[in-house]
1. Filter segment 265-286 down to the residues that are touching an Asp or Glu at 6+ places or on another chain (Cβ under 7 Å), within 26 Å of ILE84 (Cα to Cα) and part of a loop (DSSP other than H, G, I, E, B) and list them by number.
2. Looking at (1) surrounded by fewer than 17 Cβ atoms within 10 Å (Cβ to Cβ); (2) touching a Cys at 6+ places or on another chain (Cβ under 8 Å); (3) modelled with pLDDT of 85 or more, which one does SER282 not meet, given that it meets all the others?
3. Quick one: which of ARG42, ARG27 is at pLDDT below 90, open to solvent by 40 Å² or more (accessible area, probe 1.4 Å) and either touching a Phe, Trp or Tyr at 6+ places or on another chain (Cβ under 9 Å) or under 22 Å from ARG82 (Cβ atoms) (or both)?
4. Filter segment 246-258 for residues that are over 11 Å from LEU173 (Cβ atoms) and touching a residue at least 40 places away in the same chain (Cβ under 8 Å) and give the result.
5. Anything in segment 203-223 that is of a type outside the set (Gly, Ala, Ser) and free of Cβ contacts under 8 Å to residues at least 40 places away in the same chain? List them, or say none.
6. Do you know which residues across segment 75-104 are part of a loop (DSSP other than H, G, I, E, B) and open to solvent by 30 Å² or more (accessible area, probe 1.4 Å)?
7. Can you pull out the residues in segment 208-234 that are closer than 16 Å to PHE155 by Cβ, open to solvent by 50 Å² or more (accessible area, probe 1.4 Å) and either at pLDDT below 85 or among the polar types (S, T, N, Q) (or both)?
8. How many residues does segment 144-169 contain that are open to solvent by less than 10 Å² (accessible area, probe 1.4 Å) and at pLDDT 70 or above?
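The values are calculated or read from the model by the stated rules, or taken from the named source; none is laboratory data. A quick note: this is a predicted structure, and the numbers were derived from the prediction, not measured. Neighbour counts run over all protein chains shown; Cβ positions are idealised from the backbone, glycine included. Surface areas here come from the heavy atoms of the whole protein model, side chains and all, with no ligands, DNA or RNA. Shrake-Rupley method; radii C 1.70, N 1.55, O 1.52, S 1.80 Å.
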Amino acid sequence: MLRNSQCPSEARLFADINVVCGKDSVRISWRISPQLVPYAARLFLGSCMPSRLKVMPDGEGEAQFNYQLADCKFKKLIKGKRIIYQNELTYRPQAKPKPAECCFRPEVWVPQFMNPGSGVSDGRGGLVFHMALLNGWFSHSIKSDHTNVIPLGSFMPLWAAVDQKSHQPLLLLMEECVAATTPVLQPGSHVYPIISNKGCLLESKKANAMFLPRYHSSAIILYLQSFKLGLGEEIYIHCKLVAWDPEVLDESKKACHYVKESGRWELLDDPFQSNLCSCCDSTCTSRSKRGDELGLKWLRDPAQQRPVADYQVS
């Protein structure tokens, strides 16, 4: 269940714009000058034109937008315990958009698969990290006494989270992930980079992978297609997890994946700031952070179509 919550940025909205958010819809009224009334067809909410234009006795107009939050290319963001639907009001061809947001605070946050748990690691500053392989329905983590068996080419959701507890809101990021044939990384280990350059999902550009939309800022799910590495069958995935302030994103604190349809890198937590991902094809800057490393092991065996779970912290 969602309940309405005031957006901190609503104070920045213009006096001529009124936004009313429903459970899964939005109603926006935009007062415009008499000079703009004949050109009301140039007003847009994202990709949507006004649902109705009302002309006032004084000649001014009121453009009304009544749409579902799933329409008009709203961007869904997760910040702490708030879900934010973000869009822009524009008068084309002018390039100065006006923000429009709806904020909600879910009543219940904990998904079922967080209860069993899989990998746990204590990080610096008292942070506790988790990492697990989820089943195909994302309902729970896979648990077994054996190595994870993943058919070659099938998709696997890798889930990671940091315990929020009494901490300030935390944003969990995968700063680096590599695949290796050994459970412990050594200086001479043969590795295959999956995520590098401070949160750039390289596999999303080279193959099929993506970050799934967050259900909470303190967790992240990497949707990865299994692959073969070298001559060995056992593959270990090592990830460096970072917890950070969800309100502060930059080139060193981000989660970026490549969207092949648009041909560009996109920021998971705020597509409007995807320029932070422009360094993914070069070198991204680095800053200090709080983090830890976890590892997950899976076994590629084409002969077995049944997924068997086991994880290994490394």
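1. Across segment 265-286, there are no qualifying residues.
2. (2)
3. So the residue among ARG42, ARG27 that is at pLDDT below 90, open to solvent by 40 Å² or more (accessible area, probe 1.4 Å) and either touching a Phe, Trp or Tyr at 6+ places or on another chain (Cβ under 9 Å) or under 22 Å from ARG82 (Cβ atoms) (or both) is ARG42.
4. Result: GLU247, GLU251, HIS257, TYR258.
5. GLU203, LYS206
6. LYS81, ARG92, PRO93, GLN94, ALA95, LYS96, PRO97
7. Within segment 208-234, ASN208, LYS228 qualify.
8. 7
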